[in-house]
1. Which value does Rg/Rh take for the range 47-161 over its C-alpha atoms, Rh per Kirkwood?
2. Set the Förster radius R0 to 22 Å, insert the Cβ-Cβ distance between Leu108 and Asn60 as r into 1/(1 + (r/R0)^6), and round the FRET efficiency to 0.05.
3. Could you give me the ³J(HN,Hα) list for the range 168-174, computed from phi with Karplus coefficients 6.51, -1.76, 1.60 and θ = phi - 60°, whole Hz, x at Gly and Pro?
4. Which value in nm describes the separation of the simple spin-label points at Thr117 and Glu164, placed 7 Å from the Cα toward the beta carbon?
Amino acid sequence: MDDSLPLESPSLSRRQFLNFLTGATVAATAGSALYATGKFFIPPAETTGGAILAKDILGNPIPATQITAEAPGTRALVAGLAGEPTYLIVKDDNTVDTVGIVDNCTHLGCTFPWNPTDQQFQCPCHGSLYAPDGSVVRGPAPLPLKIVHVAVVNNSILISPWTETDPRTREKPWWV
Ligand code: FES
C-alpha cells in the first residue's frame with residue numbers, strides 16, 4: 001500500500017502543503033525544546049535513604065566540588081526533589097549550605113533569579129521579592145519559599161524533604 005503524501009492531490013493545495021511543512025517544523029522545534037526542558041524536570045531515579053542526588057540540566061549527578069568551586073554567595077540551580085529546580089547556596093567557607101531554596105514562586109509558580117546586588121530572589125512575573133532565606137520581603141507572594149535539606153556525602157549532593165518546623169515561621173511548613 002502506498003501511504004506516501006499525495007503531493008499532486010487536488011485536495012492539497014500548494015498553500016496547504018507549505019502550511020503543513022511549517023507546522024511540522026514548528027512541532028519538531030517545540031518537541032526538541034520540550035524534551036530538553038522535560039528532561040531537566042524528570043525526577044532522578046536514584047535515591048539514598050529517601051534523598052535524591054542533585055543533578056544538572058542533562059540529568060547527571062553534580063559533584064559537590066563543582067558547586068563549592070563557585071564563589072561564596074553563589075546560588076547554583078540544580079534539579080532537586082521531583083525535579084524541582086532548587087538553589088544550592090555556597091557559604092563563605094566554600095561549603096554547601098544545608099538548606100536549599102526551591103525555585104518556585106509561591107504566588108503563581110514562576111521561576112526566578114537570584115539578584116546578588118540586592119541579595120534577593122526576585123520574581124519577574126509580578127514582582128515578589130524574597131530574602132536570602134526565602135522569606136517574603138514583598139508580595140504578592142503569600143508564603144515563604146519552600147526549603148529542602150542538603151547534605152554532602154562523598155562528594156555527592158543529597159537533597160531531601162524538609163518536613164519539620166519551618167525555621168522562618170516557627171510553624172509547620174505550608175508544603176507538608
Ligand atoms: S508568580 Fe512570582 S510574583 Fe507572581
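Please treat every number below as a calculation from the coordinates, not as lab data. Here the structure is a predicted model, which means the values were calculated and not measured. All Cβ positions, glycine included, derive from the backbone under ideal geometry; neighbour counts span all protein chains shown.
1. Working: Rg = 13.6 Å, Rh = 14.2 Å.
Rounded to two decimals, Rg/Rh equals 0.96.
2. On the way: r = 31 Å, r/R0 = 1.39.
Computed FRET efficiency for Leu108 and Asn60 comes out at 0.10.
3. 7, 9, 6, 10, 4, x, 5
4. Modelled inter-label distance: 3.9 nm.
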